[in-house]
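Working notes, beginning with the structure itself.
The values are calculated or read from the model by the stated rules, or taken from the named source; none is laboratory data. Because the structure is a prediction, the values reported are computed rather than measured. So basically every Cβ, Gly included, is an ideal-geometry build from the backbone, and we count neighbours across all protein chains shown. Protein only, heavy atoms only, side chains kept; ligands, DNA and RNA dropped before computing areas. Shrake-Rupley method; radii C 1.70, N 1.55, O 1.52, S 1.80 Å.
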Amino acid sequence: MSYRVDEFGNATSFDDGVSLLMTGDSTMTNQRLLDAVAPKNDERSVVITTNTGAGTVVKELERRGADREQVGIIDCTNADSEIEGVPVRTLSSPGDLTGISLEFAKLFDQDTEEGSIRARVGFASVSTSLMYTELRTMFRFLHVFTARIRSGDMFGVFSMDPTMHDEKAHNTIRAVFDAEAEVGENETSVSGTGFE
Amino acid sequence: MVDGDDQPTVLVVEDERALIELYVRWLEDDYTVLTAAGGEEALEQFSEDIDVVLLDRLMPGMSGDEVLEEIRERIPDCEVAMVTAVEPDFDVITMGFDDYLTKPVEREELLETIERLLSRSQFDDIEQELYALSSKQAALRSSKPKEELDENEEFSELQRRIDELRDELNTTLPGMDDDDFVAMVRDIEGEEADSNDDMPGGLE
């Protein structure tokens, strides 16, 4: 099985368990990330957002065909958001990595008895969280997170704005991921492994 | 963490003599087993060689929670499984334990838990090496043009080793579940907080 994506540069689907780093200006990667993690039939989407309120994320996912019952949000923007029919977990800081992992586990806790679930996981963005944590910590967190995505046969998309960091930080973070999507104004170009 | 051919070391802290004997019987073929009948005795056994501690939560004298605090201070790399009479939820992980077992503990369950905790340590070890090499590679990439690196033998050797470690990392915890995930992230943040404590001007 794989995760199908529409109009996503040179990629049409990603293999189970793959994590993708999406780089570019955050206004563009925010949109492209939601394109990539919008759930198809029988899939779920969990979006961890550090820069856009949960309400907007849900609206944007609905615009891309999602039903509310398919969606779960971890909102780290410190906004109080309640959305009917969508579990929204709020955290006070994008740097609260333990909180993110705990809420992620709780969002899936109710489903695990039904066996494996098809899920897309979006994280927008790594850049914001990096302002609150050390590079070393973020690198380790991403490794553990992508390992969880791999063991669960999910599909992970993590966005990052390279202009917000030095080149070395960008190059270090990209080493965690199977594939990278460079998002430009008019095109998306995917490189690496785990996609077709 | 596992040195050479040496077996991993497990410290069993339990006040019921009969249970200690039972656990030792189950574990002694695969691990070096140390035992302590209480918290105070456990502290005397502490060393960097200990990979996993099996810790009874409710003991007379020093409680399991207090012993845990000492372990985190003195052997931060060590994995700790709490043995408890009641089924806990995710809170056990935020309390600082890495895993838990509910009494009565079955043999299979005990062995499986210890193996899982050792795999987590192994994951950490590989990840640590991967970080060192990835930083090195990132520094090279930032300082030299791509054409030059493509022809550089040291750089391709670095890339080869990184790929190898990535494969190892991907196969170390194939059955990683949410408990593993949460506990490992908590450990990462815990270690980060500790290292900042030692460093003036560190974050928070």
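B:ILE75 accessible area, nearest 10 Å², 1.4 Å probe?
Only protein atoms counted, so the area is about 10 Å².
Compute the Rg/Rh shape ratio of the protein assembly as shown: radius of gyration over Kirkwood radius, all on alpha-carbon atoms. Before the final figure, lay out the partial values.
Values: Rg = 22.3 Å, Rh = 22.5 Å.
Expressed as Rg/Rh, it is 0.99.
Distance in nm between label sites at B:LYS136 and A:SER191, each 7 Å beyond Cα in the beta-carbon direction?
2.3
Provide the FRET efficiency to the nearest 0.05 for the B:GLU148-B:SER47 pair, computing r from the beta carbons and using R0 = 41 Å.
0.30
Relative contact order of the range B:9-120: what whole-number percent is it, with Cα pairs under 8 angstrom and at least 6 residues apart?
The normalised contact order for the range B:9-120 reaches 23 percent.
I need the shape label for chain A. Rule: rounded when a/c is under 1.5, else prolate if a/b > b/c, else oblate, with a, b, c from the alpha carbon gyration tensor.
Note, shape of chain A comes out rounded.
In deg cm²/dmol and to the nearest 500, what is the mean residue ellipticity at 222 nm of chain A if only DSSP H runs of at least 4 residues count, each as -39500 (n - 2.57), divided by the residue total? Display every interim value, and only then the final one.
Details: 6 runs with 65 residues, N = 196.
After summing the helix terms and dividing by residue count, I get -10000 deg cm²/dmol.
Between the range A:105-180 and the range B:37-61, what's the alpha-carbon centroid distance in Å?
Each part reduced to its Cα centre gives a spacing of 35 Å.
Antiparallel DSSP bridges in the protein assembly as shown: what percent, to the nearest 5? Present the calculation step by step, with values, prior to reporting the outcome.
Numbers: 10 of 57 bridges.
Among the beta bridges of the protein assembly as shown, antiparallel pairing accounts for roughly 20 percent.
At a probe of 1.4 Å, how much accessible area disappears from chains A and B on forming the pair, both sides counted, to the nearest 100 Å²?
3200
Rounded to the nearest 0.05, what FRET efficiency do A:SER116 and B:THR102 give with R0 = 30 Å and r taken as the Cβ-Cβ distance? Could you check?
After rounding, the FRET efficiency stands at 0.75.
Helix-only estimate, please: 222 nm mean residue ellipticity of chain B, summing -39500 (n - 2.57) across DSSP H runs of length 4 or more and dividing by its residues, to the nearest 500.
-18500 deg cm²/dmol
Work out, step by step, the length gained on full extension between A:GLU62 and A:SER13: first 0.36 nm times the residue separation, then minus their alpha carbon distance; give nm to one decimal.
Values: separation 49, 0.36 × 49 = 17.64 nm, distance 2.08 nm.
My answer for the length gained is 15.6 nm.
Taking H as built 1.01 Å from N, whose amide H comes closer than 5 Å to the amide H of A:PHE195, not counting residues under 5 places away?
Hits under the 5 Å cutoff: A:ASP15.
To the nearest 10 degrees, how steep is helix B:153-172 against the longest Cα principal axis of chain B, on a 0 to 90 scale?
Value to nearest ten degrees: 30.
State in Å² the accessible area per residue of chain B; use a 1.4 Å probe, count heavy atoms of protein chains only, and round to the nearest integer.
Details: 10530 Å² over 204 residues.
Result: 52 Å² of accessible area for each residue.
Please determine, in degrees from 0 to 90 and to the nearest 10, the orientation of helix B:178-197 with respect to the longest principal axis defined by the Cα atoms of chain B, where the helix direction is its Cα long axis.
Once rounded, the angle reads 80 degrees.
Each residue of the range A:148-165 in turn: what ³J(HN,Hα) in whole Hz from Karplus with 6.51, -1.76, 1.60 and θ = phi - 60°, glycine and Pro shown as x?
Per-residue couplings from phi come out as 5, 5, 5, 5, x, 6, 8, 10, x, 10, 10, 9, 7, 9, x, 6, 8, 10 Hz.
Return a single number: how many Lys pairs in the protein assembly as shown, at a sequence separation of 8 or more or on separate chains, have alpha-carbon atoms below 27 angstrom apart.
9
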